[in-house]
Amino acid sequence: MAAGARQIIEEWLAPQLIARQGHPLILGLCGAQGSGKSTVAASLTQRLAAAGVKSATLSLDDLYLTKGQRAQLGRDVHPLLVTRGVPGTHDVALGIRTLDAIRKGEPATLPRFDKSRDDREPEAAWVRVAAGLQVLIFEGWCVGAMPQRQTDLLVPINDLERREDADALWRTYVNEALAGPYQALFARLDRLVLLAAPGFEIVQRWRGEQEAELRRAAPGAAGVMEDAALRRFIEHYERLTRHILQEMPSRADLVMRLSPEREVIGVDRRVSAGASGCRPAV
């Protein structure tokens, strides 16, 4: 899938880069867990670099709060916020500072997060990019997402919400974070691309494949999950993933519909060269 999706984005993006006349472009790439967005982003970055376009990738995952910060949120707000992933568990201010530096053409340092340790990498391991970056691919499972209506939060949608968030405190906190600071972060996007999974049901299989790769890369690492833990982990993401698949296709600038095997089976393009159309209201 990576080559096909990458080629579609590359061809779609080329005239827009020409129209920008060297001004930095922040490309948001959204996709459910396991959809292949990280692989697509890496492949696209390599292709752009080969074409002489200064580019880099930043994952929303790299903006996660530290393990200690999330533990504090768990004590102060809700225990479910210890688990990384949902809005409210990222350092949004760090993300805004990073994107703003790139938009201004300044040098920047891109944070990195180690999922095998479930903690942020030390700053010495962050990636430094020189001034004049032309394209930043900002990828993540909920990049560009919009909040739900308050009434949509009332009914639990899975066992996690029924058993561990019966009063809707956790999902309300997540939704309010998404409605506030995250919209300021996503307003920095110039374009929004969606890798649209065929449905939420496929996500567990896709995410399980990712976890198997982590196990092979770091056997016995504390942050790597077995099947039962993975099922519970994915339930943290279910509500917003379903919401994204329902509402984002109507406003994303480029939508690639995926098969269960991650093949691109349909494409919708909503932005032509020089146009703008993905900025959420702040």
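The values are calculated or read from the model by the stated rules, or taken from the named source; none is laboratory data. Everything numeric in this text was worked out from a predicted model, so none of it was measured. Here Cβ is always computed from backbone atoms with ideal geometry, including for glycine, and neighbour counts include all displayed protein chains.
Looking only at the stretch 249-262, which residues are closer than 29 Å to residue 208 by Cβ, out of contact with any Phe, Trp or Tyr (no Cβ under 8 Å at 6 or more places or on another chain), of a type outside the set (Gly, Ala, Ser) and modelled with pLDDT of 95 or more? Working first, answer last.
Quick first cut of the stretch 249-262, residues closer than 29 Å to residue 208 by Cβ only: 249, 252, 254-262.
Now restrict to residues that are out of contact with any Phe, Trp or Tyr (no Cβ under 8 Å at 6 or more places or on another chain): 249, 252, 255-261.
Okay, now just the ones that are also of a type outside the set (Gly, Ala, Ser), so 249, 255-258, 260-261.
If the condition is that a residue be closer than 29 Å to residue 208 by Cβ, out of contact with any Phe, Trp or Tyr (no Cβ under 8 Å at 6 or more places or on another chain), of a type outside the set (Gly, Ala, Ser) and modelled with pLDDT of 95 or more, then 249, 255, 256, 257, 258 are the ones that fit.
Go through the stretch 75-108 residue by residue and tally those that are exposed (fewer than 14 other Cβ atoms within 10 Å of the Cβ) and either without any contact (Cβ under 8 Å) to a residue 40 or more places away in the chain or of a type in the set (D, E, K, R) (or both).
Residues meeting the conditions: 6.
Based on what the data block shows, is residue 113 of a type in the set (Phe, Trp, Tyr), touching a helix residue (DSSP H, G or I) at 6+ places or on another chain (Cβ under 6 Å) and either touching a residue at least 12 places away in the same chain (Cβ under 8 Å) or surrounded by 21 or more Cβ atoms within 10 Å (Cβ to Cβ) (or both)? Reasoning before the result, please.
Working: of a type in the set (Phe, Trp, Tyr): yes; touching a helix residue (DSSP H, G or I) at 6+ places or on another chain (Cβ under 6 Å): yes; either touching a residue at least 12 places away in the same chain (Cβ under 8 Å) or surrounded by 21 or more Cβ atoms within 10 Å (Cβ to Cβ) (or both): yes.
So residue 113 passes the test.
What residue, of 207, 188, 171, is in a helix (DSSP H, G or I) and surrounded by fewer than 23 Cβ atoms within 10 Å (Cβ to Cβ)? Walk me through how you get there before you give the answer.
Details: 188 fails: in a helix (DSSP H, G or I); 171 fails: surrounded by fewer than 23 Cβ atoms within 10 Å (Cβ to Cβ).
Only one candidate passes the filter, namely 207.
Out of all the residues in the stretch 178-202, which are at pLDDT below 95 and in contact with a helix residue (DSSP H, G or I) (Cβ under 6 Å, 6 or more places away or on another chain)?
Result: 200, single match.
Which residues, counting only those in the stretch 18-39, are surrounded by fewer than 21 Cβ atoms within 10 Å (Cβ to Cβ), under 22 Å from the mean Cα position of the chain (by Cα) and in a helix (DSSP H, G or I)?
38, 39
Which of the residues belonging to the stretch 106-123 are modelled with pLDDT under 95 and either touching a strand residue (DSSP E or B) at 6+ places or on another chain (Cβ under 7 Å) or among the small types (Gly, Ala, Ser) (or both)?
Across the stretch 106-123, the qualifying residue is only 116.
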